[in-house]
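Report on one structure; see the data block that follows.
The values are calculated or read from the model by the stated rules, or taken from the named source; none is laboratory data. On a predicted model such as this, the values are computed, not experimentally measured, just so you know. Cβ placement follows ideal geometry from the backbone for every residue including glycine, while neighbour counts extend to all protein chains displayed. Remember, those area values only see protein heavy atoms, side chains included, never the ligands or the DNA or RNA. Shrake-Rupley method; radii C 1.70, N 1.55, O 1.52, S 1.80 Å.
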Amino acid sequence: TQLLEQSPQFLSIQEGENLTVYCNSSSVFSSLQWYRQEPGEGPVLLVTVVTGGEVKKLKRLTFQFGDARKDSSLHITAAQPGDTGLYLCAGAWDSGGGADGLTFGKGTHLIIQP
Amino acid sequence: DTAVSQTPKYLVTQMGNDKSIKCEQNLGHDTMYWYKQDSKKFLKIMFSYNNKELIINETVPNRFSPKSPDKAHLNLHINSLELGDSAVYFCASSFLGLPSTDTQYFGPGTRLTVL
């Protein structure tokens, strides 16, 4: 069973600060996705990283996939109150049979205080 | 024009009852999923369906049975509800079922409370 460890579990910082969330596994994934979930809603995909060492940027968010495709990080620059939410990493593997589910980490609850 | 919809949004019921949660997607996707999110926000895959065929069946109790009348719908039926079934259940869909290339779109969730 593939497991994803996310850290920190909770993070509360002031507006304007930078932060990094980590997602680690002992398994190699075909791809790794980052989701953001608002209260009362379903997760929404932010980014998918596929290639080892890949870096993707989404405005103030920078996502990196580890060279060995076992870990990933999410870095937020100059955090804003609107960044508050639950951030989930999810690993996927394409077994070739189709319809593979995602293995989720336990999430990082992020609070950005004005 | 909601992409993935679920009904009901909230479901409160007594232990031992049987209930169903419905899911519909209007994205034309081939694959649909059911996830369970516990009180600590841990999200875990339960089932997936690809073209009406069950592909994944994780180690969930057989009291849970997914039913797909067509590829746009994947309903979740739960028999003999237990207290531990209380959670938020999310339906999701994707085009081909390959997460490396697909995006999974999640519904808004159904909060099930078993008393």
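For the residues A:Arg60, A:Arg69, A:Arg36, a GNM of chain A with alpha-carbon springs under 10 Å puts the largest fluctuation on A:Arg60.
Near A:Lys59, which aspartates and glutamates are there with a Cα under 20 Å away, not counting those fewer than 8 places off in the same chain? List returned: A:Glu15, A:Glu17, A:Glu38, A:Asp83. Across chain A, the mean sequence separation of Cα contacts (distance under 8 Å, 6 or more residues apart), normalised by length, yields a relative contact order of 36 percent. Given +1 on the Cβ of Lys and Arg, -1 on the Cβ of Asp and Glu, and no further charges, what dipole in debye does the range B:4-114 carry about its Cα centre, rounded to the nearest 20? About 280 debye. On the basis of the beta-carbon distance and an R0 of 35 Å, A:His75 and B:Asp18 show a calculated FRET efficiency of 0.15.
Please work out the average accessible area per residue across the protein assembly as shown, using the 1.4 Å probe convention, and give it in Å². All intermediate terms of the calculation are to be shown ahead of the outcome.
On the way: 10820 Å² over 229 residues.
Here the per-residue accessible area is 47 Å².
In debye, nearest 20: dipole of the range A:35-114 around its Cα centre with unit charges on the Cβ of K, R (+) and D, E (-)? I would put it at about 220 debye. Accessible area buried by the pairing of B and A, both sides summed with a 1.4 Å probe, works out to roughly 1900 Å². Cross-link partners of B:Lys44 among lysines, defined as those whose alpha carbon lies under 23 angstrom from its own and excluding same-chain residues fewer than eight positions apart: A:Lys70, A:Lys106, B:Lys9, B:Lys19, B:Lys22, B:Lys36, B:Lys52, B:Lys67, B:Lys71.
FRET efficiency for the B:Lys9 to B:Glu53 pair, using the beta carbon distance and R₀ = 35 Å, is estimated at 0.75. For the range B:83-115, a reduction of at least 50 Å² in accessible area between the chain on its own and the assembled protein chains (probe 1.4 Å) is found at B:Pro99, B:Ser100, B:Phe106. The fraction of accessible area contributed by carbon and sulfur in chain A is 51 percent, rounded to a whole number (1.4 Å probe; ligands and nucleic acids excluded). Relative contact order of the range B:4-114: 37 percent, from C-alpha pairs under 8 Å at least 6 residues apart in sequence.
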